[in-house]
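Below: one structure, written as structure tokens.
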Amino acid sequence: MSEDTETKAGDEGESDQMSLIEHLTELRNRLGVALLAFVVLFLLCVAPMPGGGVNNSIASHVFIFLQAPLADVLEEKGGGRMIFTALHEGFFTQIKVGFFTALCVSFPIISIQIWKFIAPALYRNEKRAFLPFLLATPVLFILGASMVYYIVTPLAWNFFIGFETAAGEGALAIEIEPRISEYLSLIMRLIFAFGLAFELPVILLLLVRAGLMAPETLAEKRKVAIVIAFVAAAILTPPDVVSQLLLALPIIALYEISIIGARMIAPKDIDES
């Protein structure tokens, strides 16, 4: 009996086959745990802390953290402020920040529930092959988000604030007063854009590992990938060359890394075909 056969037999002996109803029940339970974790974390994020007002919640502190790159740039130029123009804008901004924070914090819990649902259907060798990709997903997303926060936004905000002009004879001063909702939408879009872009190696290597794509195909489509990277950067980032390059170039580098990794993990029959 071969090693794969023994592995399959051993896995089948560990758990009996589940019926469709049992699978659906298991899925419902896993989704329920993930949803409950998200809801609890969301409520904790938006609820005011003891002894504080509406501006003393976890969400408000997270928003202060998100606006810190802009605050640093404005402070160098003499200070500034952020505004909201609708009565409900401040409230809904806090709700959005709470949603964003709860989603990020609950992601490991959601991932664990997904893994517990699909793991019983995998053989041991398939679990060993899939688990590294699951672990790499949050790490790569955090790397992309960190690049936005510490590198991209300071450069982009300096570029945009450069369009301020002082008052002169016959000319009014042009000063930036960003709305909190617009700023939040922009910074969240950048974080998700870079975070998802950094997941490119996981997606490509999973396709190669599953035998759905060959390393040679990735190498042949390199020029197409470069064009797509710049198009995606133009759509997802603010309309300045710096931030577009800071997204496109890492995507291209990650694509090249994916080609190298694909050649290392590709099944022999796929690699030789």
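The values are calculated or read from the model by the stated rules, or taken from the named source; none is laboratory data. Computed from a predicted model, the values in this text were never measured in an experiment. Reconstructed Cβ throughout: ideal geometry from the backbone, glycine too, with neighbour counts over all protein chains shown.
List of remarks:
- Selection count, the stretch 57-80, where residues are surrounded by fewer than 13 Cβ atoms within 10 Å (Cβ to Cβ) and touching a strand residue (DSSP E or B) at 6+ places or on another chain (Cβ under 8 Å): 0
- Index of the failed condition, L254 passing every other in (1) out of contact with any Leu (no Cβ under 6 Å at 6 or more places or on another chain); (2) within 18 Å of I191 (Cβ to Cβ); (3) modelled with pLDDT of 90 or more: (1)
- Among all residues of the stretch 222-237, there is at least one that is over 18 Å from L206 (Cα atoms) and not in a helix (DSSP H, G or I).
- Scanning the stretch 177-220 for residues that are of a type in the set (A, V, I, L, M, F, W, C), in a loop (DSSP other than H, G, I, E, B) and buried (at least 17 other Cβ atoms within 10 Å of the Cβ) yields F198, M213, A214.
- Sole exception among (1) touching a helix residue (DSSP H, G or I) at 6+ places or on another chain (Cβ under 7 Å); (2) within 30 Å of L87 (Cα to Cα); (3) at pLDDT 90 or above for S185, by number: (1)
- For I95, the requirement of being outside any loop (DSSP other than H, G, I, E, B), modelled with pLDDT under 90 and among the aliphatic types (A, V, I, L, M) is not met.
- Single residue of D240, D271 found to be under 23 Å from F130 (Cα atoms), modelled with pLDDT under 85 and either under 18 Å from the mean Cα position of the chain (by Cα) or not aromatic (F, W, Y) (or both): D271
- Residue list for the stretch 52-92, restricted to those being of a type in the set (V, I, T) and not in a helix (DSSP H, G or I): V54, I83, T85
- Selected residue (criterion: modelled with the lowest pLDDT) from residues of the stretch 44-56 that are in contact with a strand residue (DSSP E or B) (Cβ under 9 Å, 6 or more places away or on another chain) and surrounded by fewer than 16 Cβ atoms within 10 Å (Cβ to Cβ): V54
- Selected residue (criterion: farthest from E177 (Cα to Cα)) from residues of the stretch 80-119 that are under 22 Å from the mean Cα position of the chain (by Cα) and of a type in the set (S, T, N, Q): Q113
- Test: residue in the stretch 155-164 that is of a type outside the set (D, E, K, R), more than 13 Å from the chain's Cα centre (by Cα) and not in a helix (DSSP H, G or I): yes
- Residue in the stretch 128-140 that is in contact (Cβ under 8 Å) with a residue 24 or more places away in the chain, over 30 Å from L24 (Cα atoms) and in a helix (DSSP H, G or I) present: yes
- Scanning the stretch 86-108 for residues that are in contact (Cβ under 8 Å) with a residue 60 or more places away in the chain, surrounded by fewer than 16 Cβ atoms within 10 Å (Cβ to Cβ) and farther than 30 Å from E175 by Cα yields a single hit, L103.
- Number of the exception - I83 against (1) at pLDDT 90 or above; (2) surrounded by 15 or more Cβ atoms within 10 Å (Cβ to Cβ); (3) among the β-branched types (V, I, T): (2)
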